[in-house]
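Written out below as structure tokens is the structure these notes cover.
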Amino acid sequence: MSEVIEYSEKVMDHFTNPRNVGEIENASGVGTVGNAKCGDIMRIYLDIDDNEVIKDVKFKTFGCGAAVATSSIATEMIMGKTVQDALKLTNKAVQEALGGLPAVKIHCSLLAEEAVHAALWDYAQKKGIVIEGLKPPVNDIEERE
Ligand code: FES
């Protein structure tokens with residue numbers, strides 16, 4: 001029997017009215033990650049200028065409400081930031097910004113963190129640069145705290 005999951009108002013807001021949905025043509029970096037267990041997939045597009053500032057962010061998420069909400073707020077949190085600052089986005093920060101997530105939905109916020117990292121990785125690959133502290137993307141995000 002599945003239990004009722006309660007979401008914060010902020011989660012519901014970003015789920016019902018997600019920000020920055022879509023694609024960026026010729027994006028500086030694109031990152032796609034998924035979770036094999038729930039089957040949810042998240043893709044983040046970054047437009048990064050010559051000063052390494054993120055000028056635009058878009059996302060496409062095929063997943064649960066929490067995945068939509070976390071990707072939506074993650075795009076807001078890295079918009080206008082430098083690559084280095086975007087790299088510091090953690091799933092914990094995403095959860096806090098959303099006013100918390102139910103324990104069974106923690107992995108959804110991990111998808112957001114990992115999708116941003118994967119997009120930054122793609123950007124670095126395309127530019128032939130190394131972003132300090134950035135690890136290669138993982139394609140399957142496992143459940144972890
Ligand atoms: Fe898997 Fe939310 S249930 S991303």
Condition check for Ile48: surrounded by 14 or more Cβ atoms within 10 Å (Cβ to Cβ), more than 15 Å from His14 (Cβ to Cβ) and more than 15 Å from the chain's Cα centre (by Cα): yes
Matching residues, the range 88-123, being more than 17 Å from Tyr7 (Cα to Cα), surrounded by fewer than 17 Cβ atoms within 10 Å (Cβ to Cβ) and of a type outside the set (Val, Ile, Thr): Lys88
Qualifying residue in the range 46-61 (condition: within 12 Å of the ligand (Cβ to nearest atom), modelled with pLDDT of 95 or more and under 23 Å from Asn139 (Cα atoms)): yes
Cross-chain or 6+ apart pairs with Cβ under 8 Å, the range 95-108 first and at positive phi, then away from the ligand (no atom under 13 Å from the Cβ) and part of a loop (DSSP other than H, G, I, E, B): Gly99/Ser8; Gly100/Ser8
Only listed residue being away from the ligand (no atom under 13 Å from the Cβ) and modelled with pLDDT of 95 or more, chosen from Val68, Val116: Val116
Among (1) on the phi > 0 side of the Ramachandran plot; (2) small (Gly, Ala, Ser); (3) buried (at least 21 other Cβ atoms within 10 Å of the Cβ) - the single one Ser72 does not satisfy: (1)
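The values are calculated or read from the model by the stated rules, or taken from the named source; none is laboratory data. Please read all numbers here as calculations on a predicted model, not as lab measurements. Note: ideal-geometry Cβ built from the backbone for every residue, glycine included; neighbour counts use all protein chains shown.
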